[in-house]
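I have placed the structure first, in the form of structure tokens, so that the comments after it can refer back to it.
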Amino acid sequence: MEKPIPLFSPITPAAVSRRRADSFANRAFFMITLIPVALIFIITIALFLRFLPILREHSLWELVSGVTWKPNKGEFGFLPFIAGTFWVTALGVALAVPPCILTALYLSEYARATTRTLMKPLLDLLAAIPSVVYGVWGMLAIVPLVGDVLRPILNRYLGFIPLFASNQPTGFSILAGAIVLAVMIAPFIIAITYEVLATIPQGLRQASLGIGATQWQTIRYVVLPQVLPAIIAGIVLGASRALGETLAVLMVVGNIPQMPNSIFDAGYPLPALIANNYGEMMSIPLYDAALLGAAFILLVIILFFNILSTIVLQRVLK
Amino acid sequence: MNTHIQVNNLNAWYGKQPALKEINIEIPKNQITVIMGPSGCGKTTLLKTFNRFLELNDGAKITGEVLVNGQDIYQPDVDVTEVRKRIGLLAQRPYPLPMSIYDNVAYGMNIHRMKKDRLGYKASVKHYLELAGLWDEVQKRLHEPATGLSIGQQQRLCLARGLAVEPEVILGDEPTSALDPISSQHIEKKLLELKSQYTTVIVTHTLRQAKRLADHVIFMYMGEVVEAGPARNVFTNPQQERTRQYLEGLF
């Protein structure tokens, strides 16, 4: 007689409760994962609600295009701060990008494996230095360098260009902020560029080297065109970090609410405005709403750049 | 035999791991030499010593001589880019460059500034696409990205790209292993057509392909050359026990 084929046994109470625990865990972890995501929305919405009181008195356009910041007189022009933010960030990124890309190219394309394993962690270490240390370094080293060396020289030879003209005596300036910022975002730009270069298959490089191209020709015509969008996205990601960097920059940038005309002018970026003033003189009408409005604007700008670059990078790195 | 490449006392290591041991062989001019052997025997490593690709590996070390037309390509005064121009490589998988079909073929000529004007480039691109048997299929889409071609077409494009810099040797590192049977046939047919003009060295692990292509055979095992000679002799009357076993499919 043939042996009967065993059926699957009916589900036991123990299995039912196991299954329940499993689905509970699944849902619980999902909720926990949601918290940080939800926080972004909650913070954005909360900032906007606190921003509303001032929007009832002044239009958004009036605020972001206003150049006068006199809270006592009820004048809340954000433009000097927005301008300060973009000046410092743009200059910082401009200073950081060329050496960072060359560094990443060197590490990825030229360096031997031993050099790479030694240098890469050291560069990553730059990202671990606390902001305040960069700030102190900026005050002690960069501000004097800008004030006593770069400012006189550039002013003398390139002073006819408004960008390099200087009429203030110290080194607390956009340029000092930008230099500190450049060093701070360098490890990110290097790391991202390096990651992106690592996605290029070795065979593609060899296709070019194999017909007698030099290493540089291979980089120039084969490697770089392939990764350019991703590198740009990496730079934007670095820039969005730079936009939000607060402490180190505010220690060296001078913090005068004015429209900068030269890299030697003092600036006052948005994060510095908020960090310096929130919590003080809060009795001034609408001051609270103005500062939180500044925070809201900063957040929106950074989210925009971040999301944009993340989308591009995910496409390349997947 | 008219020798094109002569290898003398060649040894290679990856780190401390020996990959090639005392290789002494000759590659005849304008014939197809097939390097065969089980995987990991050093066939590809040997092939890559001919266009100095081995030194792209970190930690690879080479001693001995590779003479091309009697000149050692490992001498310090030899320009490696010229070696690679004159000794082209058809890789295992096609890697079209991230540019148009036309620019893929023109790339090498451009880099070596081989043509005087646009018309010169145009004529050469056509010539080499024809030589690789691809012209009819791509003549209407020359300026589209090369990545849009099928993998078999891509491999013929890579052949055209390599031929365009006027090499004297074509190396093939299992050049059909990633292709479908029809595309493989295409490539094999092209290699047979081209052998009168180019010295060809093909690495393969399929015995049938070796028999279809080879004029001359090198059989390798564990980093050593076990047997080398005219295909007829090696296939019908191997001198070494190992070769015989390999040909009978024992390993």
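Nothing in this text is a laboratory measurement; each read-out follows from the coordinates by a stated rule. This one's a predicted model, so the numbers in the text were calculated from it and none came from an experiment. A quick note on method: Cβ atoms are made from the backbone with ideal geometry, for glycine too, and the neighbour counts reach across all protein chains shown.
So here's what we get for this one:
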{"item": "The one condition in (1) touching a Lys or Arg at 6+ places or on another chain (Cβ under 9 Å); (2) over 28 Å from A:Pro53 (Cβ atoms); (3) aromatic (Phe, Trp, Tyr) that A:Phe296 fails to fulfil", "result": "(2)"}
{"item": "Meets criteria (among the hydroxyl-bearing types (Ser, Thr, Tyr) and not in a helix (DSSP H, G or I)) for A:Ser262", "result": "yes"}
{"item": "Hits in the range B:213-230 (condition: in contact with a Ser or Thr (Cβ under 9 Å, 6 or more places away or on another chain) and either aromatic (Phe, Trp, Tyr) or not in a strand (DSSP E or B) (or both))", "result": "B:Leu213, B:Ala214, B:Asp215, B:Phe219, B:Tyr221, B:Gly223"}
{"item": "Residue in the range A:305-312 that is in contact with a Phe, Trp or Tyr (Cβ under 8 Å, 6 or more places away or on another chain) and surrounded by 15 or more Cβ atoms within 10 Å (Cβ to Cβ) present", "result": "no"}
{"item": "Residues that are within 8 Å of chain B (Cβ to nearest Cβ), among the β-branched types (Val, Ile, Thr) and not in a loop (DSSP other than H, G, I, E, B), drawn from the range A:197-239", "result": "A:Val222"}
{"item": "Qualifying residues in the range B:147-165 (those that are part of a loop (DSSP other than H, G, I, E, B) and at the interface with chain A (Cβ under 10 Å from one of its Cβ atoms)) - the one farthest from B:Ser184 (Cα to Cα)", "result": "B:Val165"}
{"item": "Within the range B:1-111, strands (runs of 3 or more DSSP E) holding 2 or more residues that are closer than 29 Å to B:Ala132 by Cα and within 14 Å of chain A (Cβ to nearest Cβ)", "result": "B:87-90"}
